[in-house]
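Structure, as structure tokens:
The values are calculated or read from the model by the stated rules, or taken from the named source; none is laboratory data. Since this is a predicted model, take the numbers as computed values, not measurements. We place every Cβ from the backbone using ideal geometry, glycine too, and count neighbours over all the protein chains shown. Note: areas computed on protein heavy atoms with side chains; ligands, DNA, RNA excluded. Shrake-Rupley method; radii C 1.70, N 1.55, O 1.52, S 1.80 Å.
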Amino acid sequence: MMWNLAFISEEDFFLHVQETIQQYGEKLKPYDLKKFNSNIVDPIKLTFDKMVYHMSYEEIIRNEIFRQRDKANNNDIGYFHQSIFKYIKDCIVPSSGWDVIFSPKEGVDVPECGRVKTVYVEMKNKHNTMNSSASSKTYMKMQGQLLKDDDCACFLVEAIAKQSQNKTWQVSVDGVRQKHKRIRRVSMDEFYSLVTGQRDAFYQMCMILPEVIEKVLSYSGRVAVPHDTVIEELNELAKTKQGSLVLALYMLGFGSYTGFA
């Protein structure tokens, strides 16, 4: 494998991918009925899904387990996007406060603003993961940083933005439209370009990623697929209640309700 990433060594990237996969593995512990219902599933929704999509209850339950795992794994992808910058020159990944801080000796050229000493970053996996309250809170945090440091800019960096961009971020705070040229909304490709000085750095990382994942898995072994026992336990519950699988499923959410108890 030829190594084409000038901004991170092959060894560091291998280690970073390995650490991300290890976090995946921790989510692959088998699901029993208690774990499956730890946040109380919605049996009505599962019933609608089963009927509308013409699936069996077994398929719907497997899909729900996958959904729960996938939700947890989104945090691991957030780890991947954020923590890679600890291996990149002039970047630090603090344990708290900001997701990434970029502070090269020569400063940072920011569109519309000129050069600043430091860029403070909040990072999100996807452009639609923040509601208006979270957006306002993040924006006010950035305003506060500008008040403390007049030689900086603050970026909301999105791994999956609507488009490639580096633009002024506009939000409504307490019903008032706010914008500041040093508070910006930036797509991941533009942030990689700024930090590495390589225009297509993010693209190059994406192109090499599958091969590195495959290499990590070949060294460490495949992530074991767990044996989940949710369906078996529901079938046993159905026998105990002298009912059907659907009744057992309803018992997860409505076990203390009139008629179910």
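A few remarks follow.
- VAL225 fulfils the conditions (1) loosely packed, with under 13 Cβ neighbours inside 10 Å; (2) in contact with a strand residue (DSSP E or B) (Cβ under 8 Å, 6 or more places away or on another chain) except for a single criterion, (2).
- Taken over region 33-54, the criterion of being out of contact with any helix residue (DSSP H, G or I) (no Cβ under 7 Å at 6 or more places or on another chain) and in a loop (DSSP other than H, G, I, E, B) is satisfied by SER38, ASN39, TYR53, HIS54.
- Any chance LYS167 is over 24 Å from the mean Cα position of the chain (by Cα) and part of a strand (DSSP E or B): no
- Selection of first residues in region 18-35 that are under 22 Å from GLY78 (Cβ atoms) and of second residues that are open to solvent by 50 Å² or more (accessible area, probe 1.4 Å) and at pLDDT below 80, restricted to Cβ pairs under 7 Å at least 6 apart or on distinct chains, gives the following pairs, ordered by first then second residue: GLN18/SER220; ILE21/VAL223; TYR24/VAL223; GLY25/VAL223; LEU28/VAL223; LEU28/ALA224.
- Residues in region 36-49 that are within 28 Å of the chain's Cα centre (by Cα) and surrounded by 15 or more Cβ atoms within 10 Å (Cβ to Cβ): 6 in all.
- Residue count, region 65-94 (criterion: open to solvent by 20 Å² or more (accessible area, probe 1.4 Å) and among the acidic types (Asp, Glu)): 2
- Candidate set from region 124-158 (those that are touching a helix residue (DSSP H, G or I) at 6+ places or on another chain (Cβ under 9 Å), of a type in the set (A, V, I, L, M) and at pLDDT 95 or above); member that is surrounded by the fewest Cβ atoms within 10 Å (Cβ to Cβ): LEU156
- Residue check, VAL121 under 24 Å from SER83 (Cβ atoms), in contact (Cβ under 8 Å) with a residue 60 or more places away in the chain, in contact with a Phe, Trp or Tyr (Cβ under 7 Å, 6 or more places away or on another chain) and open to solvent by less than 30 Å² (accessible area, probe 1.4 Å): yes
- Looking only at region 177-200, residues that are in contact with a helix residue (DSSP H, G or I) (Cβ under 7 Å, 6 or more places away or on another chain), touching a residue at least 60 places away in the same chain (Cβ under 8 Å) and assigned to a strand (DSSP E or B) come to 1 in all.
- Meets criteria (of a type outside the set (Ser, Thr, Tyr), touching a strand residue (DSSP E or B) at 6+ places or on another chain (Cβ under 8 Å) and open to solvent by less than 50 Å² (accessible area, probe 1.4 Å)) for PHE202: no
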